[in-house]
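Coordinate-derived values only; no laboratory data. Because the structure is predicted, anything quoted here is derived from the model rather than measured. Please note: Cβ atoms are built from the backbone with ideal geometry, for glycine as well, and neighbour counts cover all protein chains shown.
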Amino acid sequence: MTIPLGLYVILASVPVLVSLLLQPLHLGLVFPLDFNTTHNTPPRILLLTAHPDDETFFFGPTLTSLIPSFATPASESSGNNAPDTVTLTFPQIYSLCLSVGNADGLGDIRRRELGDSLDVLGVAEERRWILDKFEFQDDMHARWDASLIADTVYKYVADYNISIILTFDPYGVSGHPNHISLYHGISHLLAASPAGIRHPLVAYSLKSKPVITKYIGILGPMLIKLKVIFSRALNILVNGTNGSKVVPVGPVIVAGIKEYRRTVIAALQHQSQRVWFRWLYMAFSQYMWINEWERIHVIA
């Protein structure tokens, strides 16, 4: 029996497509994923979010890349059988969520769910905080005060010697005003350059995507990886072997299948948020696979 050409091409493509999803991909120098371990001082990175579940539905690829699966203790003091080099090789990740997400009166539940999610992602209990202040209430119609956000975050930056902050961009990915407020709060903090910070503080924002490309599911990571392969091949043809070192796009973190699975498991800890459209989001949103970052520059 002769196999139709179209079916043959599809069958032959399956292993290639699966291989594109297996391994994570890091492009650009957003975070020091491969910093010099001889310094014995891994960078301290603070993820600033507005609500419980932001950490998974938007920032999962980055967290699962920065925190290896074999180094995910619920608490630093609870013991860890991973090699001692783990603490030297990977950045220290901190999480600060400015609200308990109490818009529907589920604040106490969502606080616990965030803790369960961060357990899965590997952020130690000593490095995570969730606030419940009157000024930072979950509200689809409220902009939070930028200077108050800056003052609040500054305390954690100074006390824990944070060197990098990760948060939303001016569009907040979903357009939520609380998300947008975080960007303006961090911009305010950078512009103020307050005393008490012992090193240059930098911040990155998660790039918002247009709807037409936001929900293309696994096509997103495959297309990015194909683009990288073809771009590097073209660079080699044009520039010789040195062309393979050129990074054509970035800064971007693309999850592999294991990282995506871990993000989904973390997202499922938010049981109060298991409504029908969340399942569609986990299946089709690029943010479950891809995080593209931009440096937040303060304009004088």
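Data table
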{"quantity": "Sorted by Cβ density within 10 Å, fewest first, the residues 104, 145", "calculated": "104, 145"}
{"quantity": "Shape of the range 143-300, Cα gyration tensor, a/c cut at 1.5", "calculated": "oblate"}
{"quantity": "Trypsin sites (Lys or Arg not before Pro) within the range 137-232, DSSP loop, no more than 14 other Cβ atoms inside 10 Å", "calculated": "143, 198"}
{"quantity": "Taking 211, 252 and counting other C-beta atoms within 10 Å, the order from fewest to most", "calculated": "211, 252"}
{"quantity": "Qualifying lysines (Cα of each under 18 Å from Cα of residue 227; at least 8 residues distant if same chain)", "calculated": "209, 214, 245"}
{"quantity": "Eligible lysines near residue 155 by straight Cα distance, threshold 16 Å, same-chain separation 8 or greater", "calculated": "133"}
{"quantity": "Likely footprinting exposure, 160, 287, 154, fewest C-beta neighbours within 10 Å first", "calculated": "160, 154, 287"}
